[in-house]
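Taken together, the values in this text are just the output of simple stated rules run on the coordinates, not laboratory data. What you see is a predicted model; the values in this text were computed from it and never measured. We place every Cβ from the backbone using ideal geometry, glycine too, and count neighbours over all the protein chains shown.
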Amino acid sequence: MSKPHIVALGGTSRPESSTGRALARCLTIAEEAGARTTLLTGEAINFPPYELCDPVPDGNIAQFVAVLRSADAVIVGSPGYHGTLSGLVKNALDHVELLRGDDRVYFDRMPVGMVATAGGWQAAVSTMAALRTVVHALRGWPTPLGVAINMGAPGDPLADADAQLRMMVDQILWFLRR
């Protein structure tokens, strides 16, 4: 695979959220390694609640589904909201159900990296566990390393997590080269 397409999705409704910045950093690392990338955060994932009986998607949802169909790998990021992923991210992941009839159902056979940010370790780690559960349910192959970032730590927690983000992206790229 010469130029894999890596899609990062998640964050909050604020494009400059900590999670959004961590996802953007992952994509910069992937681009440096030669990947094509797409970041879906903020309004790009702010959809009405998913309903199983929804008609054919349009607008942002149709674009979201089209981007995921073209992805070779995905990175999912969520802030920790009360110990789990945010409703915004969960609802976006619920819309992955629109891939159920595709040749590649959901995230089947795709490496999926995960990033969780929170104001403390407990919420960051429990959010990571929730993300892994959802990724497994969507048939994705989670990277061995998921990155939990304690935004309440002193200093610059995003900068401090850079080596881990790089390792996770390297695991995605390694998987894609196999």
Any idea what the dipole of the chain comes to, in debye rounded to 20, about its Cα centre with Lys/Arg Cβ at +1 and Asp/Glu Cβ at -1? 420
Based on Cα coordinates alone, diagonalise the gyration tensor for the chain, multiply each eigenvalue by 5, take square roots, and list the semi-axes in whole Å, largest first. 23, 20, 14
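Over the chain, what is the mean sequence separation of C-alpha contacts under 8 Å (at least six apart), divided by residue count, expressed as relative contact order in percent? Please report the intermediate quantities before stating the final value.
Details: 347 pairs, mean separation 41.1, N = 178.
This gives 23 percent for the chain.
Kirkwood hydrodynamic radius, the range 15-72, all distinct C-alpha pairs: what's the number in Å?
13.0
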